[in-house]
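Read through the structure below, which is laid out as structure tokens, and then see the notes.
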Amino acid sequence: MELHQLSITELLDRYRSGAASPREAVESVLTAISNGDGTIGAYLSHGAEAALAAAENADTSLPLGGIPIAIKDAINVEGQTTTCASKFLENFNSPYDATVIAKLKAAGAIPLGKTNMDEFAMGSSTENSALGKTTNPWDTSRIPGGSSGGSAAAVAADLAIAALGSDTGGSIRQPASHCGCVGLKPTYGRVSRFGLVAFASSLDQIGPMTKTAEDAARVLQVIAGGDINDSTCLDEPVPDYLGALNQGVRGLRVGLPKEYFIDGIEPGVKAAVEAAVKELESQGAEIVEVSLPHTEYAVATYYIIATAEASANLARFDGVRYGHRSAIQPESIVEHYKNTRAEGFGEEVKRRVILGTYVLSSGYYDAYYLRAQKVRTLIRQDFTKAFENVDVIASPVAPAPAFKIGENADDPLKVYLEDIFTIAANLAGICGISVPCGFSDCKGSRLPVGLQLLGKPLGESDILRAAHAYQQTTDWHKARPFE
């Protein structure tokens, strides 16, 4: 195999045996990008020169020494552009490193390129990017998922060894499922958000997108932990995620929520997930039915809370301090704001800001936003009760495989419903992972399917352990789109 096709673990082994060098690995990834990204469109920019320079001095004894990692373009990397795939920030150059980037660098990793996404992370398909189109490596007529679609496509197409994404309502897990890689959303507060351009501050979380569960554990080991720059970041001890991987699943109680196995799931998805659950059971896991009764309210609750927070967060983009500024001479500051935001924001961002402003407005706050927060509490309590009887919860990541590019362009509500199995985890603040578990052939293409494993707050060790055990006896994660 070429170096760019290896996992983090495999590449570290090559380094430490002297069979390869970090510079060779970076060059291999850059060559793969040059040869393949014209079709996939995973990257918005490359930090090639800086990456090659860092590779020359990489310390391969460090946990991620010499590993090139792609970065979602909502996460600040000093000296590189951070655009959030928006015309508003198209030329914004980051003056500092996000905490996760500083931690990656301290562990020897090499940030390599910024990946495409839905504008300001608002979307589930990466179709909302204002700066380019990303396609699914398994079928380039289809979406890669979103909003971390560029990161998922890069990892799946071997254009990255690993990547970082962010997950507000499924934006790591869903594209990982659609592209056939591993995507981990940590517990809210497990990883610092300092340096992540905010979409919805009570929901956003940074996490790794990798080729294996073991690789996800390696990256999480580095980026997890407290941060004085982020008051929502939990100052809790970081467990030995790698050490917990090989415990197997014998005796692990796996819950199946009846609300997540419903009519309307595409048959290929249902069959793949059910087979994955049976595989865990064959390894000694105990399968238990659980109920999450407020699931039916999750989508509505999420799109009230998330848009409200987006409305507040995006108010900082005014064209005065940084970012796009309209060239039209305004007669007032209000007109300046209108012109600048009308030109700088895409349609989906405008849609969500308008909705969020509405639900926060006088006379509607109690009817919508306050009520949504109360329902959010009920959803969190559903998970708390379920986790009294099980260790992890298993479900599909999405009700169907990746859809055609443009297929739902005129139906945003249908796209919102794609998140039905992922958004509750963000509302509850728990952790979740997507693991490749098969393929669906129902749409004329062989499309990846992901198994979602949800864990208790700070329960990353359990879901990583289950995901790793599953991957030890299956080969779905080894499939590549171009083989």
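The values are calculated or read from the model by the stated rules, or taken from the named source; none is laboratory data. Keep in mind that what you see is a predicted model, and the values were worked out from it rather than measured. As a convention, Cβ positions derive from the backbone with ideal geometry for all residues, glycine included, and neighbour counts pool all protein chains shown.
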> When you scan the stretch 1-76 for helices (runs of 4 or more DSSP H) that lie fully inside it, which ones turn up with 1 or more residues that are touching a residue at least 24 places away in the same chain (Cβ under 8 Å) and either closer than 26 Å to ARG142 by Cβ or under 21 Å from the mean Cα position of the chain (by Cα) (or both)?
Replying inline: 8-17, 22-40
>> For the stretch 254-264, check the following and say yes or no: at least one residue is out of contact with any His (no Cβ under 9 Å at 6 or more places or on another chain), crowded, with 19+ Cβ neighbours inside 10 Å, outside any helix (DSSP H, G or I) and β-branched (Val, Ile, Thr).
In response: yes
> Within the bounds of the stretch 309-321, is there any residue that is on the phi > 0 side of the Ramachandran plot and not in a helix (DSSP H, G or I)?
Replying inline: yes
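Taking THR377 as the residue in question, decide whether it is within 18 Å of ILE304 (Cβ to Cβ) and in contact with a Lys or Arg (Cβ under 7 Å, 6 or more places away or on another chain). Before you say what the answer is, go through the steps one by one.
On the way: within 18 Å of ILE304 (Cβ to Cβ): yes; in contact with a Lys or Arg (Cβ under 7 Å, 6 or more places away or on another chain): no.
Spelling it out, it is not the case that THR377 is within 18 Å of ILE304 (Cβ to Cβ) and in contact with a Lys or Arg (Cβ under 7 Å, 6 or more places away or on another chain).
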> What are the residues in the stretch 433-483 that are basic (Lys, Arg), at pLDDT 95 or above and surrounded by fewer than 24 Cβ atoms within 10 Å (Cβ to Cβ), if any?
Replying inline: LYS456, LYS478
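Pick from LEU184, LEU203: which is of a type in the set (A, V, I, L, M), under 14 Å from the mean Cα position of the chain (by Cα) and under 23 Å from ILE228 (Cβ atoms)?
Just one listed residue meets the conditions, LEU203.
Please verify whether the stretch 125-133 includes one or more residues that are within 15 Å of the chain's Cα centre (by Cα) and surrounded by 24 or more Cβ atoms within 10 Å (Cβ to Cβ).
Yes, that holds for at least one residue.
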> When GLY225 is evaluated against the numbered criteria (1) modelled with pLDDT of 95 or more; (2) touching a Lys or Arg at 6+ places or on another chain (Cβ under 6 Å), which criterion, by number, is the only one it fails?
Replying inline: (2)
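Condition check ((1) at pLDDT 95 or above; (2) in contact with a helix residue (DSSP H, G or I) (Cβ under 6 Å, 6 or more places away or on another chain); (3) buried (at least 22 other Cβ atoms within 10 Å of the Cβ)) across all residues:
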| position | (1), (2), (3) |
| --- | --- |
| SER21 | yes, no, no |
| ILE33 | yes, no, yes |
| LEU44 | yes, no, yes |
| THR60 | yes, yes, no |
| ALA70 | yes, yes, yes |
| ASP73 | yes, no, yes |
| GLU78 | yes, no, no |
> Do we have any residue at all in the stretch 331-342 that's of a type in the set (Phe, Trp, Tyr) and modelled with pLDDT of 95 or more?
Replying inline: no
>> I need the full set of residues from the stretch 111-144 which are within 26 Å of SER201 (Cβ to Cβ) and hydroxyl-bearing (Ser, Thr, Tyr), in order please.
In response: THR115, SER124, SER125, THR126, SER129, THR134
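Could you tell me whether the stretch 227-235 includes any residue that is part of a helix (DSSP H, G or I) and farther than 27 Å from SER291 by Cβ?
No, there is no match, as no residue in the stretch 227-235 is part of a helix (DSSP H, G or I) and farther than 27 Å from SER291 by Cβ.
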> Of all residues in the stretch 286-316, how many are touching a Lys or Arg at 6+ places or on another chain (Cβ under 7 Å) and either surrounded by fewer than 19 Cβ atoms within 10 Å (Cβ to Cβ) or of a type in the set (A, V, I, L, M, F, W, C) (or both)?
Replying inline: 6
